[in-house]
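K.L.:
Shown below is the structure under consideration.
Coordinate-derived values only; no laboratory data. All of these numbers come straight from a predicted model, not from anything done at the bench. Note that each Cβ is placed from the backbone with ideal geometry, even for glycine, and that neighbours are counted across all protein chains shown.
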Amino acid sequence: MRIICLGVLAAAFATTALAGGDTPAKERPRTPAMADNPFAAPSTLPFEFPAFDRIQDADYRAAFDAGMAEQLQQVAAIAHNPAEPTFENTIVALERSGRTLERVETTFSNLNACNTDPEMQRIDTDMAPRLTAQRDAIHLNPALWARVDALYRKRESLHLDPESLQLLTRYHTIFVRAGARLSAEQQARLKDLNKQISSLTTRFKQNLLKATADGAVVVDDVAQLDGLTPEQVGAAAEAAAARGLRGKWLIALQNTTNQPMLARLTNRSLRERIYKASTARGLGGATDNTAVIAELVRLRAERASLLGYPDHAAYELADESAGNPEAVRGMIAQVAPAALARARAEAADMQKVIDAEAGAAGTAPFTLQPWDWFYYAEKVRKARYDFDQAAVAPYFELDHVLKDGVFYAAHQLYGLNFRERHDLPVYHKDVRVFEVTDADGKPFALFLADYFARDNKQGGAWMTAYVNQSRLLQQKPVVANHLNIPKPQPGQPVLLTFDEVTTLFHEFGHAVHGMLSDVHYPLLSGTAVPRDFVEYPSQYNEMWAREPSVVAHYARHYQTGEPMPAELLAKVLAAQNFNQGYATLEYIEAALLDQAWHLITVAQAPSAQQVPAFERQALEASGLEYGPVPPRYHSTYFAHIFEGGYSAGYYAYLWSEVLARDTGQWFHSHGGLTRANGEVLRTRVLARGRSEDPQLLFREFYGRAPEIGPLLEYRGLAGAGGDASGVANSR
């Protein structure tokens, strides 16, 4: 299972609520600083593609100031409109407001995640509480709330079309959840809480970025890198050279607890060193995140109580498909026993290898540790399926996988075609831009691919949008995918692991969700769906990474162009359920840790010093703590929940995967990779955004309630202690 970081995407959800429409230039507040500002007007490039070549750090503050002033003026005009509130003069007007702010905030937040610098981080620190106050000023505006509430109360008499009714309902929900019904005194406290929370999440993010960069492991002797491929050794040398460390090798850290290089390094002490560098991030020193976490969970708990909820988890889940923490725990309980049982069995297989090697060498055996897992898992995999990942890598070259795999599947399913464009400016030389045309040949989206790791780029992989589709605003989507693949030395191929191949397909599933959107209102566009639904299209799209016909199309040797031998391909596909106990358990541990942090009250919030102990106790209480399998993220670098918009929502990947695997079963029972099947999913789910309740969209597509059995089968966990008869709960 691939876990991604959608922090940028989640942040976009928060701002989309007040994005929309355009304002004629003559009506836009201008200052001398805005005269030539690239955010002063919509980009004139195709699809309103950002003019990255014109954007400088010095442009942001002026654009934020002007955009915020413009939005408040527009909102004031809506709130104090002397005419009776109507859907058009209130709700649609809100959709059209704040266009300048949307442009600068979207571009800034995206670039701050993938191409930041010290000045951008200073701007982020300064702007985070101001933007939070801006949203509060709108959502807690009593005159505006009165108009929204009045329309909602008489919604049945308005005779709105279904999408417009959904839009009105969403606005009403957003205002209520933002505190519109609180007293003036309560709202004042809420505003203060929101500002503090915003500042803390920004501090967590910046601490983590620096801690991850600082935690990279420098290797002085290339002999210690034994086991890595020449390409991986070259990438480590390239990473070291980028930091001025000539003659050395650098192992940069990925966002997760365990690190990809541990699967190949034969030097056990180096494996341990890398693992411990990963788990030490955010613990002590200048990048310590324990105090941030302690204060953040306390403030979130207080805010939830103020809004009438027992805890932050209850507050967050009330607006998700799950509905409440009990449903989340119920879902996890259906999978956890099978995951733990399978992980223990996997560990036992590895311990046998360790013991056998020690006996053959005449040395004392050791007990399997977390930094040993992937190394010995690879040995077991090789013995069981008779292939080495190094033999597979030459068939997974990035460009082949992208064009002949990811793009190929999208063409077969939806009729999409991709043409690379070199005439549009990019923010980094490694970024590629593709124009996407529909089956009728008409261009309808732009896709940015930013796949290589950089020190100034957040960890993980994610999708985001620079422009969201909207018929109201006559906008077509501009979306981007981001990965953190180590960049090889010049002239060397980019050879992927199968996990990276799967991630490529996963993130493109998000991109397709954004690109195929066909809704009227921006608030309901594309990926603006609940977190436990937004991962559904991406996890469904993963299935094509291992579909035999698709793999055969992209798995070609980067030098000869020869397809992967059928025997090797069969082994690769047969091995895909291998190590799923570990993959599932590490995820579930993190999901339960997230719930534990957000089920506490203010009185239960730990001090900074107690943060590590709280985590240990939470894992022990879950009954799933198992030494060789740490949680996918420890708290101090758990970006999803402490800065990425997934607080109390990390379970979403599992919830969504139930839908994804049910969808995979539907495809296979209806003939597989065909345009007809793709069109059904496109029209009933992917194009609909949040124009209808997402759970209803799924039921209309699938024909019945979601079932957990296909997920257990897909992960190879059926019969391993799980409950394959369970059905995913939903409100």
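K.L.:
Among ALA687, SER669, ASN289, whose Cα sits farthest toward the positive end of the charge dipole of the chain (+1 at Cβ of Lys/Arg, -1 at Cβ of Asp/Glu, about the Cα centre)?
P.N.:
Among ALA687, SER669, ASN289, the one farthest towards the positive end of the dipole of the chain is ASN289.
K.L.:
Sticking with this one: Can you find, among ALA591, TYR646, SER199, the residue sitting farthest towards the positive end of the charge dipole of the chain, where Lys and Arg contribute +1 and Asp and Glu -1 at Cβ?
P.N.:
Farthest towards the positive pole: SER199.
K.L.:
For the chain, what does the relative contact order come out to in percent, with C-alpha contacts under 8 Å and a separation of six or more?
P.N.:
Relative contact order, the chain: 19 percent.
K.L.:
Any idea what the alpha-carbon Rg over 2.2 N^0.38 Å comes to for segment 328-390?
P.N.:
For segment 328-390, the normalised Cα radius of gyration is 1.39.
K.L.:
Are there trypsin sites (Lys or Arg not before Pro) in segment 90-154 that DSSP puts in a loop and that have at most 13 other Cβ atoms within 10 Å, and which ones? Walk me through the numbers before you get to the answer.
P.N.:
On the way: sites: ARG96, ARG99, ARG103, ARG122, ARG130, ARG135, ARG147, ARG153, LYS154; in loops: LYS154.
Passing both the DSSP loop test and the Cβ count: LYS154.
K.L.:
Full extension from ALA391 to ALA613: what is 0.36 nm times the residue separation minus their Cα-Cα distance, to one decimal in nm?
P.N.:
Stretched fully, the ALA391-ALA613 segment lengthens by 75.6 nm.
K.L.:
Projecting each Cα onto the charge dipole of the chain (Lys/Arg +1, Asp/Glu -1 at the beta carbon, about the Cα centre), which of ALA304, LEU265, SER183 comes out farthest on the positive side?
P.N.:
SER183
K.L.:
Expressed in whole Å with the largest first, what are the equivalent ellipsoid semi-axes of segment 7-192 derived from the C-alpha gyration tensor as the square root of 5 times each eigenvalue?
P.N.:
After diagonalising the Cα gyration tensor, the semi-axes are 30, 19, 15 Å.
K.L.:
Now, a different point. If you take every residue apart from SER199 with its C-beta less than 12 Å away from the C-beta of SER199, what net charge results, scoring Lys and Arg +1 and Asp and Glu -1?
P.N.:
-1
K.L.:
Relative to the Cα centre, what is the charge dipole magnitude of segment 215-280, using +1 at the beta carbon of each Lys and Arg, -1 at the beta carbon of each Asp and Glu, and rounding to the nearest 20 debye?
P.N.:
Once rounded to the nearest 20, the dipole reads 180 debye.
K.L.:
Could you give each residue of segment 201-206 its phi-based ³J(HN,Hα) in whole Hz, using Karplus coefficients 6.51, -1.76, 1.60 with θ = phi - 60°, and x for Gly or Pro?
P.N.:
Per residue, the Karplus-derived 3J(HN,Hα) values read 5, 5, 5, 4, 4, 6 Hz.
K.L.:
Evaluate the distance, in nm, between pseudo-label points positioned 7 Å from the Cα of ARG122 and of GLU156 along their respective Cα→Cβ axes.
P.N.:
Inter-label distance under the simple model: 5.8 nm.
K.L.:
Let me ask something else about it. Using the C-alpha atoms of segment 393-566, what convex hull volume per residue, in cubic angstrom, is computed?
P.N.:
Dividing the Cα hull volume of segment 393-566 by its residues yields 130 Å³.
K.L.:
Please report, in debye to the nearest 20, how large the charge dipole of segment 211-322 is about its Cα centre when each Lys and Arg carries +1 at its beta carbon and each Asp and Glu carries -1 there.
P.N.:
It comes to approximately 400 debye.
K.L.:
Calculate the all-directions average of the projected area of the chain's alpha-carbon convex hull, and give it in nm².
P.N.:
31.1 nm²
K.L.:
OK, next. With +1 on each Lys and Arg Cβ and -1 on each Asp and Glu Cβ, how big is the dipole of the chain about its Cα centre, in debye rounded to the nearest 20? Write out the running numbers ahead of the final one.
P.N.:
On the way: 72 positive and 85 negative charges, 128 e Å.
About 620 debye.
K.L.:
What net charge is computed for the residues neighbouring LEU446, neighbours being all others with C-beta under 15 Å from the C-beta of LEU446, Lys and Arg scored +1, Asp and Glu -1?
P.N.:
With Lys, Arg at +1 and Asp, Glu at -1, the neighbours total -1.
K.L.:
Another question about this same structure. Please work out how much length the chain gains when fully extended from GLU679 to ARG177, using 0.36 nm per residue of separation minus the C-alpha to C-alpha distance, in nm with one decimal. Please report the intermediate quantities before stating the final value.
P.N.:
Values: separation 502, 0.36 × 502 = 180.72 nm, distance 3.57 nm.
That works out to 177.1 nm of additional length.
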